[in-house]
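K.L.:
The structure that follows is given in the form of structure tokens.
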Amino acid sequence: LPRACVMNILAELRSRFEPVLSEWTDDPSSVIEMLKASQDAKFGDYQANFAMPLAARIPDLKPRDLATQIVEKVDLSDFCEPLEVAGPGFINIRLKQDWLNTQTQNLVRDERLGVIPAESPQKVVVDFSAPNVAKPMHVGHLRSTVIGDANYRVLKFLGHDVVGDNHIGDWGTQFGMIIFGYKHFLNEAAFAEAPVTELARLYRLVNQLSDYHATQTKIPRQQAEIEQLAEKLKTRESSADLTNKKVQKEIKKLKSDLGERKSELQEMQEKQALLEQNEDLHSKAVSFPDIARQAREETARLHAGDADNLALWKQFLPQCLDAIQTVYDRLDIHFDMSLGESYYNPMLADVVSDLKARGLAEESQGAICVFIEGFKSPFMIQKQDGAFTYATTDLATIKYRVEELKADRVLYVVDSRQSEHFQLLFATVKEWGYSNLELQHVSFGSVLGENKRPLKTRAGDNVGLESLLDESIQRAYAIIAENDDVKPEGPELSEDKRQEIAKIIGLGGIKYADLKHNRDSDYMFDWDKMLSYHGDTATYMQYAYARVCGIFRKGQIDRIALRDQQVSLNLVDASERALALQINRYSEILESVAIEARPNYLTNYLFELAKIFSTFFNDCPVLKAETEQVKTSRLLLCDLTARTVEHGLSLLGIKTCERM
Ligand code: ARG
């Protein structure tokens, strides 16, 4: 490989160190990740810290001596300066200036920005979004959709054969609910006019009514719990040794539990009161005390092939799918297939009999279960009443993905509350015989409101996704108009342009805010932070992009033509070098995203890139550079930055605009 082609610098460095480390450990891969980009240029461009843990395992070897020995054995002279050992045994790695120059120069005409397609592409199924249709999409669907889409795009760009599959919930209990609603509460005129809206209303209504009854039984239980807790607290507070730390701690804990229970109770009571105030709703609730069971029975009839219910399902489904499609169109989300749970229904009986035949599933209290060692609960694949489950469908889906789609890897972008389901699923699948398949639960936390509880409307409903998008675009519009109005040369955006940009910024802001968090954690939804021009936002990155476009406009320079000029890039200033290095790290970042399915690695990277660009832009005059040669070189850096930002954002499903 000619060294000017090494694009994933981190991977190259690691692959050079790894064989050397095997002299001191049987498992160099366990420490190789301690070679990383350094946080501070003082310590080089990359830094390796593995001498410390390795030396700790070997008697009489000082980490610093080990680092020195490692350094003597690794040859990086083709692209790095001589390695440096610092402090207790850090190895500092600095790329050669000429090499970085040439590398960066090569990027100028590389459409892929230095990202080499995977040597052995995999067939990867990304299972994402997967709403249960028949209810409108709400904020809870945002994360799977956005995180899934970003992973899909990154894997595809890296050269994998990716199938985006929307595993729609089109066969579940929600259909029983709307069928019941349709049979008892239909507003025919409304249905004729806007069927999906009417179905959504019916769903919500049946849900509200059954929720009312469920809460009605929950309230006394909650009150009893509160009484118990209060009683306990009283006893503790009258205890003789109140100065005891342990007692104090207990009291504190009891108080906070009590507070939480009370506020939950209050929420429940408010919700009930709200419904009771509505005479129509209340009288319906009274007339249908058993509505939850009745709705379940409608689902059971549908699954059993009841002609009426099946006909209703066939009538509703396309309408429901149209409704979610509107949201996907707005978000620019595409799937390669959307088979949905119903597709697998005919295969479920075979899955169960196959697992039984192999001795993997057995009867337990009338149900059929797979018992996996180490798990508290079994994986239930058929209920007592004969119904198949979510688990059965997922097993059938895996069989299909392996046998029909020839998948090597499947990513399930599903919230963390389902993690036990996926652990059981993956363990079952392994025993079932699909052991070469790589399965990954790409789990994520919830979107929280200001009160740190899952984001809800004031009335306690889920926040509809469409209205969320509308609001974001509106807010973005206001910000853009405000900024445009105060431009020194006067406003420059037409009304149409403002609206177009508002869409790009509004949607980008929502997606970015979701993607930038470590997906495992919950995050708090915050409009102001999300759309700010400053800080870790899409807007900030979009602004960096627009700024570069502005430079080219002002200098009347054609970006494409510039790339074709045979000018050599020359990194002189420290901030030029830092910028070039960051641009060159694009491929290593994308690979790390692909391995762990973590788009936040890419958002972090872009944020850093935009910040480094900002420093460069303050330090280094571009259009007013001292010589024509320096000017061109800096323009090339600007162009590369803009392309990397634009491309990186596009992999997150976020667009850019040339002015804003
Ligand atoms: N529809 C499911 C839900 O809303 C998510 C499905 C995820 N995909 C899967 N293969 N289980 O909970």
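The values are calculated or read from the model by the stated rules, or taken from the named source; none is laboratory data. This one's a predicted model, so the numbers in the text were calculated from it and none came from an experiment. Cβ atoms come from the backbone with ideal geometry, glycine included; neighbour counts cover every protein chain shown.
K.L.:
With respect to the numbered conditions (1) closer than 11 Å to ALA292 by Cα; (2) not in a helix (DSSP H, G or I), which one is the sole condition not fulfilled by ALA214?
P.N.:
So ALA214 meets the others, but not (2).
K.L.:
State which residue is nearest to ASN166 (Cα to Cα) when the search covers only segment 365-389 and only residues that are free of Cβ contacts under 8 Å to residues at least 40 places away in the same chain and within 16 Å of the ligand (Cβ to nearest atom).
P.N.:
THR389
K.L.:
Exactly one of (1) more than 19 Å from PHE426 (Cα to Cα); (2) at pLDDT 95 or above; (3) not β-branched (Val, Ile, Thr) is unmet by ASP385. Its number?
P.N.:
So the condition that ASP385 fails would be (2).
K.L.:
Hey, among SER364, SER353, SER377, SER416, which residue is touching a Gly at 6+ places or on another chain (Cβ under 8 Å) and either hydroxyl-bearing (Ser, Thr, Tyr) or surrounded by fewer than 18 Cβ atoms within 10 Å (Cβ to Cβ) (or both)?
P.N.:
SER416
K.L.:
Can you confirm whether LEU405 is crowded, with 19+ Cβ neighbours inside 10 Å and either within 15 Å of the ligand (Cβ to nearest atom) or over 20 Å from ASP149 (Cα atoms) (or both)?
P.N.:
Details: crowded, with 19+ Cβ neighbours inside 10 Å: no; either within 15 Å of the ligand (Cβ to nearest atom) or over 20 Å from ASP149 (Cα atoms) (or both): yes.
Spelling it out, it is not the case that LEU405 is crowded, with 19+ Cβ neighbours inside 10 Å and either within 15 Å of the ligand (Cβ to nearest atom) or over 20 Å from ASP149 (Cα atoms) (or both).
K.L.:
Then there's this: I need the full set of residues from segment 302-326 which are modelled with pLDDT under 95 and either acidic (Asp, Glu) or touching a helix residue (DSSP H, G or I) at 6+ places or on another chain (Cβ under 7 Å) (or both), in order please.
P.N.:
LEU302, PHE316, GLN319, CYS320, ASP322, ALA323
K.L.:
Here's another thing I want to ask about it. Looking only at segment 109-152, count how many residues are within 13 Å of the ligand (Cβ to nearest atom) and acidic (Asp, Glu).
P.N.:
Of the residues in that region, 1 qualify.
K.L.:
Hey, another quick one. If you check GLU626 against the conditions, is it outside any helix (DSSP H, G or I) and without any contact (Cβ under 8 Å) to a residue 12 or more places away in the chain?
P.N.:
Numbers: outside any helix (DSSP H, G or I): yes; without any contact (Cβ under 8 Å) to a residue 12 or more places away in the chain: yes.
So GLU626 passes the test.
K.L.:
I would also like to ask the following. Of all the residues that make up segment 439-453, how many are of a type in the set (S, T, N, Q) and assigned to a loop (DSSP other than H, G, I, E, B)? So that I can check it myself, show each step before the final result.
P.N.:
Applying the first criterion (of a type in the set (S, T, N, Q)) to segment 439-453 yields 440, 443, 446, 451.
Adding the requirement that they be assigned to a loop (DSSP other than H, G, I, E, B) leaves 446, 451.
Adding up the residues that qualify gives 2.
K.L.:
Here is a further query. Checking the conditions here, which among ALA610, ALA625 is more than 25 Å from LEU158 (Cα to Cα) and aliphatic (A, V, I, L, M)? Break it down stepwise before answering.
P.N.:
Working: ALA610 fails: more than 25 Å from LEU158 (Cα to Cα).
Only one candidate passes the filter, namely ALA625.
Residue-by-condition table, conditions (1) assigned by TED's automatic domain parsing to the domain that holds TYR605; (2) surrounded by fewer than 17 Cβ atoms within 10 Å (Cβ to Cβ); (3) part of a helix (DSSP H, G or I); (4) in contact with a helix residue (DSSP H, G or I) (Cβ under 6 Å, 6 or more places away or on another chain):
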| position | (1), (2), (3), (4) |
| --- | --- |
| MET7 | no, no, no, yes |
| TRP24 | no, no, no, yes |
| GLN39 | no, yes, no, no |
| ASN101 | no, no, yes, no |
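K.L.:
Can I ask one more? Could you check segment 633-644 and list, in sequence order, the residues that are of a type outside the set (Lys, Arg) and either modelled with pLDDT under 95 or buried (at least 23 other Cβ atoms within 10 Å of the Cβ) (or both)? Step through it out loud before you land on a result.
P.N.:
In the first step, residues of segment 633-644 are kept if they are of a type outside the set (Lys, Arg); the result is 633, 635-642, 644.
Residues satisfying the conditions are SER633, LEU635, LEU636, LEU637, CYS638, LEU640, THR641, THR644.
K.L.:
Among (1) within 31 Å of the chain's Cα centre (by Cα); (2) in a loop (DSSP other than H, G, I, E, B), where does SER15 come up short?
P.N.:
(2)
K.L.:
Have a look at ASP619, ASP564 and point out the one that is charged (D, E, K, R), under 19 Å from ALA41 (Cα atoms) and surrounded by fewer than 18 Cβ atoms within 10 Å (Cβ to Cβ).
P.N.:
ASP619
K.L.:
Which condition number does SER435 fail, the rest of (1) closer than 16 Å to ASP165 by Cβ; (2) away from the ligand (no atom under 13 Å from the Cβ); (3) free of Cβ contacts under 8 Å to residues at least 24 places away in the same chain being met?
P.N.:
(1)
K.L.:
Here is a further query. Could you list, in sequence order, all residues of segment 469-497 that are outside any helix (DSSP H, G or I) and not β-branched (Val, Ile, Thr)?
P.N.:
Step one: filter segment 469-497 for residues outside any helix (DSSP H, G or I), giving 486-494.
LYS487, PRO488, GLU489, GLY490, PRO491, GLU492, LEU493, SER494 - these are the residues of segment 469-497 that are outside any helix (DSSP H, G or I) and not β-branched (Val, Ile, Thr).
K.L.:
Taking the conditions exactly as written (exposed (fewer than 15 other Cβ atoms within 10 Å of the Cβ) and closer than 30 Å to ASP564 by Cβ), does ASP45 satisfy them or not? Steps first, please.
P.N.:
Values: exposed (fewer than 15 other Cβ atoms within 10 Å of the Cβ): no; closer than 30 Å to ASP564 by Cβ: yes.
No; evaluated as a whole, the condition is false for this residue.
K.L.:
What are the residue pairs meeting all of these: first residue in segment 130-159, first residue on the phi > 0 side of the Ramachandran plot, second residue in a helix (DSSP H, G or I) and within 12 Å of the ligand (Cβ to nearest atom), Cβ atoms under 8 Å, and 6 or more apart or on different chains?
P.N.:
Going by the 8 Å Cβ cut-off, the qualifying pairs are ALA130/SER144; ALA134/GLN174.
K.L.:
Still on this structure, I have one more. Name every residue in segment 387-414 that is acidic (Asp, Glu) and out of contact with any helix residue (DSSP H, G or I) (no Cβ under 7 Å at 6 or more places or on another chain), in order of residue number. Reasoning before the result, please.
P.N.:
Here is the first cut: in segment 387-414, the ones acidic (Asp, Glu) are 394, 403-404, 408.
The answer is GLU403, GLU404, ASP408.
K.L.:
Exactly one condition in (1) within 30 Å of ARG453 (Cα to Cα); (2) in a helix (DSSP H, G or I) is not met by ASN518; state its number.
P.N.:
(2)
K.L.:
State all residues of segment 153-180 that are away from the ligand (no atom under 15 Å from the Cβ) and not β-branched (Val, Ile, Thr); if no residue qualifies, say none.
P.N.:
Quick first cut of segment 153-180, residues away from the ligand (no atom under 15 Å from the Cβ) only: 153-162, 176, 178-180.
Result: ARG153, LEU155, LYS156, PHE157, LEU158, GLY159, HIS160, ASP161, GLY176, PHE180.
K.L.:
Next question, about the same structure. Could you say which residue among GLU500, GLU466 is among the charged types (D, E, K, R), touching a helix residue (DSSP H, G or I) at 6+ places or on another chain (Cβ under 7 Å) and part of a helix (DSSP H, G or I)?
P.N.:
Numbers: GLU500 fails: touching a helix residue (DSSP H, G or I) at 6+ places or on another chain (Cβ under 7 Å).
Going through GLU500, GLU466 in turn, just one is among the charged types (D, E, K, R), touching a helix residue (DSSP H, G or I) at 6+ places or on another chain (Cβ under 7 Å) and part of a helix (DSSP H, G or I): GLU466.
K.L.:
Based on what the data block shows, is SER263 of a type in the set (S, T, N, Q) and loosely packed, with under 11 Cβ neighbours inside 10 Å? Show your work before the answer.
P.N.:
On the way: of a type in the set (S, T, N, Q): yes; loosely packed, with under 11 Cβ neighbours inside 10 Å: no.
No, not satisfied.
K.L.:
Still on this structure, I have one more. Cβ-Cβ distance below 6 Å, separation of 6 or more or different chains: which pairs start in segment 193-212 with a residue that is touching a residue at least 60 places away in the same chain (Cβ under 8 Å) and in the same structural domain as ASP290 (by TED's automatic domain parsing) and end on one that is among the aliphatic types (A, V, I, L, M) and not in a helix (DSSP H, G or I)?
P.N.:
Final answer for the pair search is TYR203/ALA134.
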